[in-house]
Amino acid sequence: MRKILSILGFLVFSLLCVPLVHADNNFDTAFDVTYTANTQGNTHVVFQGTLTNTTDKYYASSYSITTGFTDAQNITARDDDGSITPDVTTPDGKTRISLNFKHKALGLNSAVHFTISFDTASVTTRVGNVWEVAVPGIADQGTFSAFTVHVNVPSSFGTLALSKPIASGGLTFTKDQLGDGGVFLVFGDAQQFNFTLNYHIKNDNVFPVKTDIALPPDTSYQKVSLDSLDPKPENVFKDADGNYMARYFLLPGQRTTVVAKGSVLLQLSPRKETLTADAKQQYLASQKYWEVGDPHIQDLAHQLKTPEAIYNYVVTHLTYDFSRVTTSQQRLGASYILDHPSNAVCLEFTDLFVTLARAAGIPAREVDGFAYTQNSRERPLSLVQDILHAWPEYYDESKGAWVMVDPTWGNTTHGIDYFNTFDFDHVAFVVKGLDSQYPVPAGGYKFDDNSKDVDVVPSVITTEQPAQATFDLAGSQQLLPWLPIHATLTITNLGPGFISGRDVHFTSSLSKISPDTISLPDIPPFGKQTMAVEISHQPILTKQTIPITIQFGSISVDKQLTIYPIDPSQMPIVYAGVSLFIAIIIIWIIAAKARRVRVSR
């Protein structure tokens, strides 16, 4: 008499870490699954399963499948003999679909074919300008002889920008490609986020101080447009790590809140950037939390050698500690987390990668900022004091660029590749390379630890606005015209974009200007640079207007500098001197006449 088996199968999000109950070895289980997305953000999922008898002693009477989808709707099922009414339960918030088969597959190699379909809003998401499709992995590949996934999307989604793993032969993936991490697809060309950032700064001293705050910088992956900065700073300058630092002067006891508004445009491929030999040495140095000289670190780095090997080691060696996410915990550093791998959050994943890379002779540094996520279990963030996420980057000599990676999310997504291809979800607030603790990113400037000071939202890409600049030319108006006239040119970037360094050329039809060309450094939005030139001497006792043309890239600006034989600001002194001189002459003449009168008598 043949035995009847009820088979329980689990298809789950690998991130949920639900243990798999294996199907009986008397059956071969195969699935062909199709995910069809639409422009409303819903996905129709069809599981086509086959249970094949591997003996002639048993047949399957039922099958259960548990998915990680919590919102499965419109669930239907059928087997070879027609429709089946599924039994749907939600243990632990997951959806379990149980089937009692109508068709009895008897005999060796006989099979029952069945279909389960449902709709879910958990797979397809529109984020600003891009569409994301996240297909879950399978908890235990060994349970299935075959597991193939097909993804269908509307043409309106645009071009495929990112596929993890890389799609081969259309959007079809095998069970080996799915693995635990599943499939992550992104459609679109670029992504934009709008931001509003609050910086609370204060001076508790009894004397004035200067305070610098870090604004979101341009990086190898992002371009910043800073629309407003209120109140205006004294200046904005670029530091050695490429951060934009806004400088404010605060009076004793003064408190103020600076509000920065703008947008960030993200791309997938890093821009090239030359790294000098001196800078390379700085990005190999030991820092607090980056204990490059630790013997254990050194030994491990010499074994791993490459950025990819270091990334894979950090991903697999550390375990994300979700208990530390919402509590203010001390930063542990690379050496500590290497010996205590179960206590890591994003900072420790980053610290260990940076330290091992530097110990292996690979320039590396830390990036702090915002990372967009709709699943805090898959892609967790640290919510303490608005410092949302941290990830590392290393310098790739072959690409000539800084390359960002995210071992934290590589770990928590159970294997989605954040090494070979990045994403459209990471917005950098600061880069830390020369100092592991400075500068402080947006969200770290507080009066009240409970304040929410970071607001970053996906947005529609807007037309890029070119940077606007003002040119202020001022010159000394000398009393002695035969001396050179000293002039200063101040270029102020009014935003919203960054002005890259370039040469400034000076020409005049009436005078010689020295130097006639000056190399100007980069000017961040709301920053300014001042340069000095000399204008050749002018004819004596002649007021003259000197035309000066300033050529700055494609910008040509005509200025006029009026030169007086006597500096107008010094006229009162000149008048007083002339009056005194005349008075002395008059007194001298009177005195001389008086002497002549006395002699004649």
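Among the residues of region 311-340, write down those that are hydroxyl-bearing (Ser, Thr, Tyr), out of contact with any strand residue (DSSP E or B) (no Cβ under 8 Å at 6 or more places or on another chain) and not in a loop (DSSP other than H, G, I, E, B).
Step one: filter region 311-340 for residues hydroxyl-bearing (Ser, Thr, Tyr), giving 311, 313, 316, 319-320, 323, 326-328, 335-336.
Checking the rest, the ones that are also out of contact with any strand residue (DSSP E or B) (no Cβ under 8 Å at 6 or more places or on another chain) come to 311, 313, 316, 323, 326-328, 335-336.
Result: Tyr311, Tyr313, Thr316, Ser323, Ser335, Tyr336.
Please determine whether any residue of region 345-359 is at pLDDT below 95, over 30 Å from Leu229 (Cβ atoms) and charged (D, E, K, R).
no
Take the residues in region 273-296 that are among the charged types (D, E, K, R) and surrounded by 11 or more Cβ atoms within 10 Å (Cβ to Cβ), then tell me which one is farthest from Ala401 (Cα to Cα). Before you say what the answer is, go through the steps one by one.
Of the residues in region 273-296, the ones among the charged types (D, E, K, R) are 273, 278, 280, 288, 291, 294.
If we keep only those that are surrounded by 11 or more Cβ atoms within 10 Å (Cβ to Cβ) too, we end up with 273, 280, 288, 291, 294.
Values: Glu273: 5, Lys280: 12, Lys288: 25, Glu291: 25, Asp294: 28 Å.
Here the answer is Asp294.
Which ranges mark the strands (runs of 3 or more DSSP E) fully within region 17-129 that have 1 or more residues being of a type in the set (S, T, N, Q), closer than 23 Å to Thr172 by Cβ and under 41 Å from the mean Cα position of the chain (by Cα)? So that I can check it myself, show each step before the final result.
Numbers: elements: 27-37, 43-53, 58-67, 73-79, 82-84, 87-89, 95-100, 111-120, 124-127.
The strands (runs of 3 or more DSSP E) meeting that bar are 27-37, 43-53, 58-67, 111-120, 124-127.
Yes or no: Ala301 at pLDDT 90 or above, buried (at least 23 other Cβ atoms within 10 Å of the Cβ) and out of contact with any Cys (no Cβ under 7 Å at 6 or more places or on another chain)? Give the derivation first.
Details: at pLDDT 90 or above: yes; buried (at least 23 other Cβ atoms within 10 Å of the Cβ): no; out of contact with any Cys (no Cβ under 7 Å at 6 or more places or on another chain): yes.
No: the conditions fail for Ala301.
Taking Gln267 as meeting all but one of (1) at pLDDT 95 or above; (2) out of contact with any Leu (no Cβ under 8 Å at 6 or more places or on another chain), write down the number of the exception.
It fails just one condition, (1).
With the checklist (1) among the acidic types (Asp, Glu); (2) at pLDDT below 90; (3) buried (at least 17 other Cβ atoms within 10 Å of the Cβ) in hand, flag the one item Asp79 doesn't pass.
Unmet condition: (2).
For the condition in a helix (DSSP H, G or I), over 27 Å from Asp180 (Cα atoms) and within 22 Å of the chain's Cα centre (by Cα), what is the one hit in Arg358, Arg271? Before the answer, list the steps.
Working: Arg271 fails: in a helix (DSSP H, G or I).
Of the residues listed, the single one that is in a helix (DSSP H, G or I), over 27 Å from Asp180 (Cα atoms) and within 22 Å of the chain's Cα centre (by Cα) is Arg358.
Please indicate, with yes or no, whether at least one residue in region 430-440 is of a type in the set (S, T, N, Q) and at pLDDT 95 or above.
Scanning region 430-440 turns up at least one residue that is of a type in the set (S, T, N, Q) and at pLDDT 95 or above.
Among the listed residues Val151, Val206, Val135, Val186, identify the single one that is in contact with a helix residue (DSSP H, G or I) (Cβ under 9 Å, 6 or more places away or on another chain) and among the β-branched types (Val, Ile, Thr). Write out each step before concluding.
Numbers: Val151 fails: in contact with a helix residue (DSSP H, G or I) (Cβ under 9 Å, 6 or more places away or on another chain); Val206 fails: in contact with a helix residue (DSSP H, G or I) (Cβ under 9 Å, 6 or more places away or on another chain); Val186 fails: in contact with a helix residue (DSSP H, G or I) (Cβ under 9 Å, 6 or more places away or on another chain).
Checking each option against the conditions leaves just Val135.
Anything in region 394-421 that is part of a strand (DSSP E or B) and in contact with a Ser or Thr (Cβ under 8 Å, 6 or more places away or on another chain)? List them, or say none. Give the derivation first.
Going residue by residue through region 394-421, those that are part of a strand (DSSP E or B) are 394-396, 401-404.
Ala401, Trp402, Val403, Met404 - these are the residues of region 394-421 that are part of a strand (DSSP E or B) and in contact with a Ser or Thr (Cβ under 8 Å, 6 or more places away or on another chain).
Do you know which residues across region 110-134 are in contact with a Ser or Thr (Cβ under 9 Å, 6 or more places away or on another chain), closer than 30 Å to Ser263 by Cβ and of a type in the set (A, V, I, L, M, F, W, C)?
Here is the first cut: in region 110-134, the residues in contact with a Ser or Thr (Cβ under 9 Å, 6 or more places away or on another chain) are 110-124, 126, 128-129, 131-134.
Those left that are additionally closer than 30 Å to Ser263 by Cβ: 121-124, 126, 128-129, 131-134.
Correct list: Ala121, Val123, Trp131, Val133, Ala134.
State which residue is farthest from Trp409 (Cα to Cα) when the search covers only region 146-171 and only residues that are surrounded by 15 or more Cβ atoms within 10 Å (Cβ to Cβ) and of a type in the set (S, T, N, Q).
Looking at the filtered set, the residue picked out is Thr148.
Output the number of residues of region 199-220 satisfying the condition of being touching a strand residue (DSSP E or B) at 6+ places or on another chain (Cβ under 6 Å) and either crowded, with 18+ Cβ neighbours inside 10 Å or among the aromatic types (Phe, Trp, Tyr) (or both).
Qualifying residue count for the region: 13.
Give region 413-442 a look and list any residue that's surrounded by fewer than 23 Cβ atoms within 10 Å (Cβ to Cβ) and among the β-branched types (Val, Ile, Thr), or say none.
Hits for region 413-442 are Thr421, Val440.
Given the residues Phe173, Phe195, which is the only one that is in contact with a strand residue (DSSP E or B) (Cβ under 7 Å, 6 or more places away or on another chain), among the aromatic types (Phe, Trp, Tyr) and under 29 Å from Val456 (Cβ atoms)?
On the way: Phe173 fails: under 29 Å from Val456 (Cβ atoms).
Answer to the selection: Phe195.
Restricting to region 443-460, name every residue that is β-branched (Val, Ile, Thr) and surrounded by 15 or more Cβ atoms within 10 Å (Cβ to Cβ). Can you show your working first?
Step one: of region 443-460, the residues β-branched (Val, Ile, Thr) are 454, 456-457, 460.
If the condition is that a residue be β-branched (Val, Ile, Thr) and surrounded by 15 or more Cβ atoms within 10 Å (Cβ to Cβ), then Val454, Val456 are the ones that fit.
If you check every pair at least six apart or on different chains, which have Cβ atoms under 9 Å apart with a residue in region 406-432 that is more than 21 Å from Asp321 (Cα to Cα) first and a residue that is among the small types (Gly, Ala, Ser) and assigned to a helix (DSSP H, G or I) second?
Between residues of region 406-432 that are more than 21 Å from Asp321 (Cα to Cα) and residues that are among the small types (Gly, Ala, Ser) and assigned to a helix (DSSP H, G or I), the close pairs are Phe419/Gly410.
When you scan region 501-537, how many residues do you find that are part of a loop (DSSP other than H, G, I, E, B), surrounded by fewer than 20 Cβ atoms within 10 Å (Cβ to Cβ) and at pLDDT below 85? Write out each step before concluding.
Filtering region 501-537 down to residues part of a loop (DSSP other than H, G, I, E, B) leaves 501, 508-512, 515-516, 521-522, 524-527, 536-537.
Retained after the next criterion (residues that are surrounded by fewer than 20 Cβ atoms within 10 Å (Cβ to Cβ)): 501, 508-510, 512, 515-516, 521-522, 536-537.
Adding the requirement that they be at pLDDT below 85 leaves 501, 509-510, 536-537.
Result for region 501-537: 5.
If I filter region 317-328 for residues that are surrounded by 15 or more Cβ atoms within 10 Å (Cβ to Cβ) and small (Gly, Ala, Ser), do I get at least one hit?
Start the filter on region 317-328 by keeping residues that are surrounded by 15 or more Cβ atoms within 10 Å (Cβ to Cβ), which leaves 317-318, 320-321, 324-325.
Still in the list and also small (Gly, Ala, Ser): none.
No, the conditions are met nowhere in region 317-328.
Surrounded by fewer than 19 Cβ atoms within 10 Å (Cβ to Cβ), more than 29 Å from Thr52 (Cα to Cα), of a type in the set (A, V, I, L, M) and in contact (Cβ under 8 Å) with a residue 60 or more places away in the chain, is that true of Ala121? Show your work before the answer.
On the way: surrounded by fewer than 19 Cβ atoms within 10 Å (Cβ to Cβ): yes; more than 29 Å from Thr52 (Cα to Cα): yes; of a type in the set (A, V, I, L, M): yes; in contact (Cβ under 8 Å) with a residue 60 or more places away in the chain: yes.
Considered against the rule, which asks whether it is surrounded by fewer than 19 Cβ atoms within 10 Å (Cβ to Cβ), more than 29 Å from Thr52 (Cα to Cα), of a type in the set (A, V, I, L, M) and in contact (Cβ under 8 Å) with a residue 60 or more places away in the chain, Ala121 comes out as yes.
Quick check on region 378-403: of everything there that is out of contact with any Cys (no Cβ under 9 Å at 6 or more places or on another chain) and either basic (Lys, Arg) or closer than 20 Å to Glu132 by Cα (or both), which residue is modelled with the highest pLDDT?
Only one residue fits best here, namely Lys399.
The values are calculated or read from the model by the stated rules, or taken from the named source; none is laboratory data. Because the structure is a prediction, the values reported are computed rather than measured. As a convention, Cβ positions derive from the backbone with ideal geometry for all residues, glycine included, and neighbour counts pool all protein chains shown.
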